1. Go through region C:95-120 and report how many residues are within 9 Å of another protein chain (Cβ to nearest Cβ) and either among the aromatic types (Phe, Trp, Tyr) or in a helix (DSSP H, G or I) (or both).
2. Test each condition in (1) closer than 21 Å to D:Val160 by Cα; (2) surrounded by fewer than 22 Cβ atoms within 10 Å (Cβ to Cβ) for B:Met168 and report the one that comes out false.
3. Which residues, counting only those in region D:1-48, are among the aliphatic types (A, V, I, L, M), surrounded by fewer than 21 Cβ atoms within 10 Å (Cβ to Cβ) and modelled with pLDDT under 90?
4. Have a look at D:Ser78, D:Ser44 and point out the one that is hydroxyl-bearing (Ser, Thr, Tyr), assigned to a helix (DSSP H, G or I) and farther than 30 Å from D:Arg240 by Cα.
5. Does C:Gly161 meet the test of being surrounded by fewer than 23 Cβ atoms within 10 Å (Cβ to Cβ), within 14 Å of chain A (Cβ to nearest Cβ) and at pLDDT below 95?
6. Can you find even one residue in region A:182-199 that is out of contact with any helix residue (DSSP H, G or I) (no Cβ under 7 Å at 6 or more places or on another chain), within 30 Å of A:Gly321 (Cα to Cα) and within 14 Å of another protein chain (Cβ to nearest Cβ)?
7. Considering every residue within region C:308-323, establish whether at least one is assigned to a loop (DSSP other than H, G, I, E, B) and modelled with pLDDT of 95 or more.
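The values are calculated or read from the model by the stated rules, or taken from the named source; none is laboratory data. On a predicted model such as this, the values are computed, not experimentally measured, just so you know. Glycine also receives a Cβ, built like all others from the backbone with ideal geometry; neighbour counts cover every protein chain displayed.
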Protein chains: 4
Amino acid sequence: MTPDQTPDAGATRTEPSVSASHLRGIVPPVITPFHADGEVDTASLARVVEHLVGAGVHGVFALGSSGEVAYLGREQRSVVLDTVVRTVAGRVPVLAGAIDLTARRVLEQVDDAVGAGVDGVVTCAPVYARNDRAEIADHFRAIAAGSPVPVYAYDIPVRVGTKLDAAMVVALGSEGVLAGVKDSSGDDVGFRRLVAANAAAGAPLSVLTGHEVVVDGMLLLGADGVVPGLGNVDPGAYVRMWDLAQAGDWEQVRPEQDRLAALFEIVFQASGRSGDAAGVGAFKVAMHALGLLDAPTMAPPVGPFDADTVARITGIVRAAGLREVART
Amino acid sequence: MTPDQTPDAGATRTEPSVSASHLRGIVPPVITPFHADGEVDTASLARVVEHLVGAGVHGVFALGSSGEVAYLGREQRSVVLDTVVRTVAGRVPVLAGAIDLTARRVLEQVDDAVGAGVDGVVTCAPVYARNDRAEIADHFRAIAAGSPVPVYAYDIPVRVGTKLDAAMVVALGSEGVLAGVKDSSGDDVGFRRLVAANAAAGAPLSVLTGHEVVVDGMLLLGADGVVPGLGNVDPGAYVRMWDLAQAGDWEQVRPEQDRLAALFEIVFQASGRSGDAAGVGAFKVAMHALGLLDAPTMAPPVGPFDADTVARITGIVRAAGLREVART
Amino acid sequence: MTPDQTPDAGATRTEPSVSASHLRGIVPPVITPFHADGEVDTASLARVVEHLVGAGVHGVFALGSSGEVAYLGREQRSVVLDTVVRTVAGRVPVLAGAIDLTARRVLEQVDDAVGAGVDGVVTCAPVYARNDRAEIADHFRAIAAGSPVPVYAYDIPVRVGTKLDAAMVVALGSEGVLAGVKDSSGDDVGFRRLVAANAAAGAPLSVLTGHEVVVDGMLLLGADGVVPGLGNVDPGAYVRMWDLAQAGDWEQVRPEQDRLAALFEIVFQASGRSGDAAGVGAFKVAMHALGLLDAPTMAPPVGPFDADTVARITGIVRAAGLREVART
Amino acid sequence: MTPDQTPDAGATRTEPSVSASHLRGIVPPVITPFHADGEVDTASLARVVEHLVGAGVHGVFALGSSGEVAYLGREQRSVVLDTVVRTVAGRVPVLAGAIDLTARRVLEQVDDAVGAGVDGVVTCAPVYARNDRAEIADHFRAIAAGSPVPVYAYDIPVRVGTKLDAAMVVALGSEGVLAGVKDSSGDDVGFRRLVAANAAAGAPLSVLTGHEVVVDGMLLLGADGVVPGLGNVDPGAYVRMWDLAQAGDWEQVRPEQDRLAALFEIVFQASGRSGDAAGVGAFKVAMHALGLLDAPTMAPPVGPFDADTVARITGIVRAAGLREVART
């Protein structure tokens, strides 16, 4: 489906049931499909977005790490956001990553994203720069001051080199600077402390986990939502897990999570490849196998997997019982 | 020496319901109390052990990081193990840390520990040495070959510099080298993968988490047990959480864990102090306040906290509603 | 635009004695002065550049880490390059940092820099992205393919998270991808191996060290040049050290370096401040004290030093016997 | 026991020209040869020590990282020290590594080493324990208080996880706690600051570098000596470099260092092997090729190299023009 074929865009636009200023639920970080020449494959992108929204996700997050945002030039980022916003057509909130070195550069991207019609932006601590806690807080304050839409902090030390301090982000929530946090730090103790500190402050933040294989435990301890990269491959399972958790049916949450954890093994198949290749590359191979993508192409300089790796990944996908999506 | 040869365990000795070769349940890492001169306070140590066993824990682990094992000389380690083994008197399995640089040195400590009557030993990847995966596997094989009691691997990258590979430890379990793993890596994704790989291999390992504030989620995903440092302070709550989890009553597990997570804030009060001071020091201040220890003394060179820090910690302990233990 | 087309360089323009395609000598990373409102102070910047060129440096490097490039928006970067190119007026080569996440984004900055008339660009391994060695090599190949001017690799693991492999950069030199390397890795063993590998390959690269306090040893082992942040404060001393080293007068190089190492203590005075504050902030305070800058303002969110820190820094500057520059 | 009480050093014993309380010159970290069964090969060890002393080194350091100290049990350490002390026979000072987790354990090793007749001990910051700066200083104070021989600090963050603070070690030198520092941190800026701080304090410390390929620069900047692992292979070249540096003949120091740097490439040949295997293993293969060792056996669990790796290493050794030593 191409963007302009989205049936319910335009006049039928509905109000999302979840607000971008306090997200709850499943908000997958949308991958970015590419043509062989490295340009954005908008038809596949629209198909992915439709697949996500159709599965009942509560929001979508474009231009995140799973969206290979680091590799995209300004024009490409614009194409991605236009396609996502047009396809979503207001059915759920659209967040956009504004990932750059420091606040002034980030704000250049926020301007572009807001112009494209997104409902919120996601940004991280300074990259490349070497700042302390007070400077990092002012970094977020500067971004929020220049952003007309809610700002989410993205805590991803493995890429940024900085772990966001829980007390700081909660304070920034209370100030109205941050609307939420996406935690991809892998620090489970820190995550629980963040949830507790946020609750103690009156819950100014929407606290989202990015760890797709421990969602059961994170929901049990009080996460507001999930930003699962694997949700590109199987959004429906995350939505089911969310609904079961809301109903307190933890004994049924567990097998859903176990099945997703088994599926997540796809990201460990490309041994000897880079972190970016192994993870997002596996999602793309799986989505290609399911008919969601025309090709599993990664952004240069990340090359394709060998045939054995592709076979192992597709074997895991088939074992998970996922149904192929008919390409339109 | 086998446990039933322990001379002073005598007639009252009972068979533990949990075997050291496949631990399940709550197994706190016992702290080591000190007199002001830096020697082991055996009276307080016996009081702590009795408190733990009385609360229903399923095993005890002496000479772990929480036991300040790194700071103890050979004679001190012997005093600790003699006291713990004598006090436990066979009611539950006793594990002992054998923490040293490499296998040959570790085995010198295993000899001492087995002589003291412990039921299993806990050891980590090589320290100071710089080894690869194959060498680390052989390290554990050499230790197991020289140990008459079951061997548990202790995964604690923050101290050792190495994250144990899940596939490797499960393979070592299937070989009969390892009886289990205590995971203090803080890598929740890795932990779930370890639990899944272990299950797929027929569960050769007892998989224990060392993360005391996410026990709810770790039990939900299938952990066999918990080694909670905070269990020195409030063992009963961990036993209750274990029992509720066994009964599938996750909605009641959560508030127990939330209360323990609030209590765990004691370890974040000593700002500007070292990792060893802040964590174990906080446990000791709390246990002193509860009447479990004669003094909160740490092993040199770790000094005491200032009065404000002590006041904050005891305030948190009081807020948690813990009851003082009468000193005998 | 090639340098000799710069309109206002005009008749006085001279041919640099050192080519941007194989730099040798002292090439300071030019700091970026700011007004109180955070905008670039072009008058102070021109004064600094004139001071450097007047001292006999062999090139200048704008928009490096010392130039706070991470904090500058697109318009600010343009102002800096215009000012530097105009002031240098062809007397020495001008390099510009093109620091961004990956190749496509970097090339957007290369376009701007080349448009401003620089003679070469400096860029680093991918930032935020997680790539392997082959991907990193292709990253540099993509940048070189899109750059009409020579490309220098900037090896700065503390900011980027990746140490550039010596064999890889030498191979890229032989391919014509890289003209040189600025090594700020602090890995002296790696630096000597790089110099040796480069020599063995016929010296395709200009190998420059960024470590301002071990220049004596690095020149002795064969470095082609130096990119000293401290050279903003005392460019003449670096030029003297270079000339003495060229003459083989190592016994006189040493006291020059010892004096500069004593001066470099200015960067260790702002205890408790961030890496970016302490280092560049100290250069700016020193340069303000010497009359080179109107103000020692840092880019937001980095705030000023307290008065005691400023006093310690200026005391060290005075002790070094540096002469104040008359502001024009 | 003081050195002149060593019974079998006997009448031939000479007074070392360099004191263990302020070492200067070349002090190689002696490797530990093994028989195939993993026990110490004392005949080869004596041959190595004689080779070193015969080449004119100014001291020897047994039981360091190059001596595979981490892998040695108590009895093996005793055999090593007895052999080294007996072979040296007082001709130069003998240092011994006392490498363990914390002070109390280290002192158990100091007792053994002093009993074996060594002239000084070398120890590092706490290992496995997590201490702050003040605790680390007290750690060294406790060791010095219990040691009858001079104590050297060994700064090796890659194994210990802690970089020793220059101001702290100089203060400990002024207190009489430390006699010197062996710096294997690879932090050249830190090393120059240490040398400068030591000089400013009246040179209480002997400051030694462990970096065998940048000795020229380190001597130029004022290092008191060198602890080169590669000195096991070619001690004579290090002694020549030292003598040339003392004479100020830096233009001749450089080619000696360049030749040693080319020889040092042996440690980069065992690709895919662990850090301990690649480095010390390469020294042993080279020494075996030169007739210094009966076998290149490493301590278990470190296995041998494949034939190609051995061939590459011996090729580099031959290219360096080293002469085979006749085995006695």
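1. First, pick out the residues of region C:95-120 that are within 9 Å of another protein chain (Cβ to nearest Cβ): C:99-105, C:107-108.
This time we only want the ones that are either among the aromatic types (Phe, Trp, Tyr) or in a helix (DSSP H, G or I) (or both), so: C:103-105, C:107-108.
Summing the residues that are within 9 Å of another protein chain (Cβ to nearest Cβ) and either among the aromatic types (Phe, Trp, Tyr) or in a helix (DSSP H, G or I) (or both) in region C:95-120 gives 5.
2. (1)
3. Passing the criteria: D:Met1, D:Ala9, D:Ala11, D:Val18.
4. On the way: D:Ser44 fails: farther than 30 Å from D:Arg240 by Cα.
Just one listed residue meets the conditions, D:Ser78.
5. yes
6. yes
7. Restricting attention to region C:308-323, the residues satisfying the condition of being assigned to a loop (DSSP other than H, G, I, E, B) are C:320-323.
From the residues that got through so far, the ones that are modelled with pLDDT of 95 or more too are none.
The answer is no, given that none of the residues of region C:308-323 is assigned to a loop (DSSP other than H, G, I, E, B) and modelled with pLDDT of 95 or more.
One line per residue, one yes/no per condition, for (1) among the polar types (S, T, N, Q); (2) in contact with a Gly (Cβ under 8 Å, 6 or more places away or on another chain); (3) within 23 Å of B:Ala144 (Cα to Cα):
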{"site": "B:His22", "(1), (2), (3)": "no, yes, yes"}
{"site": "B:Gly25", "(1), (2), (3)": "no, yes, no"}
{"site": "B:Gly54", "(1), (2), (3)": "no, no, no"}
{"site": "B:Arg86", "(1), (2), (3)": "no, no, no"}
